[in-house]
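See below for the structure under consideration.
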Amino acid sequence: MNFRNQLKSNIPQWLSFSGIAIACVTLIMSCNPDETQLVAQFQTISMHDEFNDDGAPNSEIWGYDIGTGENGWGNNELQYYTDRAVNAVVENGMLKITAVKEAYEGSAYTSARLLTKGKFEQKYGRFEARIKLPWGKGMWPAFWMLGSDYDTVGWPQCGEIDIMENRGSEPTVIDGSLHGPGYFAGNSLTKDFDLINDRFDTGFHVFGIEWGQDYVNYYVDGVLYNQITRQDVEEVKGEWVFDQPFFIIINLAVGGNYDGPPNNATVFPQEMLVDYVRVFAAE
């Protein structure tokens, strides 16, 4: 695939986790020698979008989910996802996904959900994005992945890797989770990360995972805060279904089971800004 964007020149390809190699040296309590070795193995970039060209998102990489989905995409979400520029556009070197309060096709809100399904899918590697989150009760931004066999086996058998999701009412906290058969929805394997003395809606942060044969490691700004292993899954009598290619999804939902509906204090429009998305594979 010919990706038209080039990496932003001020961030080396091999140091895209905002200094992750340094973090694993200095954060001794978070990174043991085996984890440092895992960090080093994913150095070959296999897909990236730097969002340098204004206009519609790159159609070689991104498609759209359109509509309300069954039962609000299975989560009682309130928005209608569109492919309009008002909801998803590339401007000023970043992807802007905007949630708008408006009557549209029977819904009270619109937003966008972009995905690489059928365009880019990969098994194992490092997946990361630099994002500034929205804020407000009922906002549900997410950067996540589903197994490529989603259409044939359904969810949760296909597996789901939530790299980052956030409740808009909790602007200092994000979650990283795994969903699969025997551990999904409210029983997923998950852990949160609390940003100290800062908020995720006031600046950009790098959210990422490193995914191998028997583990998924979760990072925020180069800090390893969670590891979920095949053994962890088997201990809850679940099935490890993370041995196939996955595709990427970036979306901003409104309402739903995760944070509930917006309230009178929620300001619209709300924006989820994505500076880049990068995927690395083993050499």
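The values are calculated or read from the model by the stated rules, or taken from the named source; none is laboratory data. Here the structure is a predicted model, which means the values were calculated and not measured. Neighbour counts are summed over all protein chains in view; Cβ atoms, including those assigned to glycine, are modelled from backbone coordinates with ideal geometry.
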Would you tally the residues in the range 253-274 being under 20 Å from the mean Cα position of the chain (by Cα) and either part of a loop (DSSP other than H, G, I, E, B) or at positive phi (or both)? 6
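Residues checked against (1) crowded, with 20+ Cβ neighbours inside 10 Å; (2) of a type in the set (S, T, N, Q):
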site: GLY182; (1), (2): no, no
site: GLY186; (1), (2): no, no
site: PHE200; (1), (2): yes, no
site: PHE204; (1), (2): no, no
site: GLN213; (1), (2): no, yes
site: ASN217; (1), (2): yes, yes
site: GLU235; (1), (2): no, no
site: GLY238; (1), (2): yes, no
Among the numbered criteria (1) of a type in the set (Val, Ile, Thr); (2) surrounded by fewer than 19 Cβ atoms within 10 Å (Cβ to Cβ); (3) assigned to a strand (DSSP E or B), which one does VAL90 miss? (2)
Got a sec? Which of ASP175, ASP194 is more than 23 Å from TRP73 (Cα to Cα), surrounded by fewer than 23 Cβ atoms within 10 Å (Cβ to Cβ) and at pLDDT 95 or above? ASP194
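So which residues in the range 74-85 are within 21 Å of PHE247 (Cα to Cα) and either in contact with an Asp or Glu (Cβ under 8 Å, 6 or more places away or on another chain) or without any contact (Cβ under 8 Å) to a residue 12 or more places away in the chain (or both)? I'd like the intermediate steps shown before the answer.
Of the residues in the range 74-85, the ones within 21 Å of PHE247 (Cα to Cα) are 74-75, 81-83.
Correct list: TYR81 only.
Could you tell me which of the residues ARG84, ARG130, ARG113 is more than 21 Å from CYS158 (Cβ to Cβ), among the basic types (Lys, Arg) and surrounded by 18 or more Cβ atoms within 10 Å (Cβ to Cβ)?
Details: ARG84 fails: surrounded by 18 or more Cβ atoms within 10 Å (Cβ to Cβ); ARG113 fails: more than 21 Å from CYS158 (Cβ to Cβ).
Of ARG84, ARG130, ARG113, the one residue that is more than 21 Å from CYS158 (Cβ to Cβ), among the basic types (Lys, Arg) and surrounded by 18 or more Cβ atoms within 10 Å (Cβ to Cβ) is ARG130.
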Mind checking whether some residue in the range 135-148 is touching a Cys at 6+ places or on another chain (Cβ under 7 Å) and modelled with pLDDT of 95 or more? yes
List pairs: first residue in the range 236-249 and at positive phi, second residue surrounded by fewer than 20 Cβ atoms within 10 Å (Cβ to Cβ) anywhere in the structure, Cβ distance under 6 angstrom, at least six positions apart or on different chains. LYS237/GLY182
How many residues does the range 106-162 hold that are touching a His at 6+ places or on another chain (Cβ under 9 Å) and not basic (Lys, Arg)? 8
Tell me the strands (runs of 3 or more DSSP E) entirely within the range 95-194 that contain at least 3 residues that are more than 29 Å from ASP53 (Cβ to Cβ). 173-179, 189-194
Would you mention how many residues in the range 198-241 are part of a loop (DSSP other than H, G, I, E, B), farther than 19 Å from GLY159 by Cβ and of a type outside the set (Asp, Glu)? 6
Would you be able to say whether some residue in the range 208-223 is under 20 Å from ARG130 (Cβ atoms), modelled with pLDDT under 95 and touching a strand residue (DSSP E or B) at 6+ places or on another chain (Cβ under 9 Å)? yes
So which residues in the range 65-80 are in a strand (DSSP E or B) and out of contact with any Phe, Trp or Tyr (no Cβ under 7 Å at 6 or more places or on another chain)? GLU77
Name the residue that is farthest from VAL274 (Cα to Cα), counting only residues in the range 115-160 that are touching a strand residue (DSSP E or B) at 6+ places or on another chain (Cβ under 7 Å) and of a type in the set (S, T, N, Q). SER148
